[in-house]
Amino acid sequence: MYRSLRYIYAQLIDDQQGRTLTQASSFESAVSKKLGDGTGNRAAAKSVGEILAERAIEQGIKKVVFDRAGFIYHGRVGALAEGARSKGLDF
């Protein structure tokens, strides 16, 4: 996952094969239309987590490792994780 001041991004990567399995971000039109101008807040992060979890479960992925990329587990980072967990993704 990565967060900037304006957006939040998350992706699922298969480390052994070195490829991205799925991704979601608040930059996507589906999320930004739903949230309006607030694409860099906790609500956006939670939506991104939910969308990422839905896409992962469609591909049969249920258990992942959460890499915070050095960001503390607080605010938007925590909201992204909570959103993903609420849709069934296991960390």
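The values are calculated or read from the model by the stated rules, or taken from the named source; none is laboratory data. This is a predicted model, so every value here is computed, not measured. Please note: Cβ atoms are built from the backbone with ideal geometry, for glycine as well, and neighbour counts cover all protein chains shown.
Structural remarks
- Residue check, Ile8 hydrophobic (A, V, I, L, M, F, W, C) and without any contact (Cβ under 8 Å) to a residue 12 or more places away in the chain: no
- Any hit, the range 25-35, residues being among the β-branched types (Val, Ile, Thr), at pLDDT 90 or above and within 12 Å of the chain's Cα centre (by Cα): no
- Among residues of the range 1-38, those that are within 20 Å of Ser86 (Cβ to Cβ) and in contact with a Ser or Thr (Cβ under 6 Å, 6 or more places away or on another chain), counted: 6
- Candidates Lys63, Lys87 - the one that is surrounded by 15 or more Cβ atoms within 10 Å (Cβ to Cβ), charged (D, E, K, R) and over 11 Å from the mean Cα position of the chain (by Cα): Lys87
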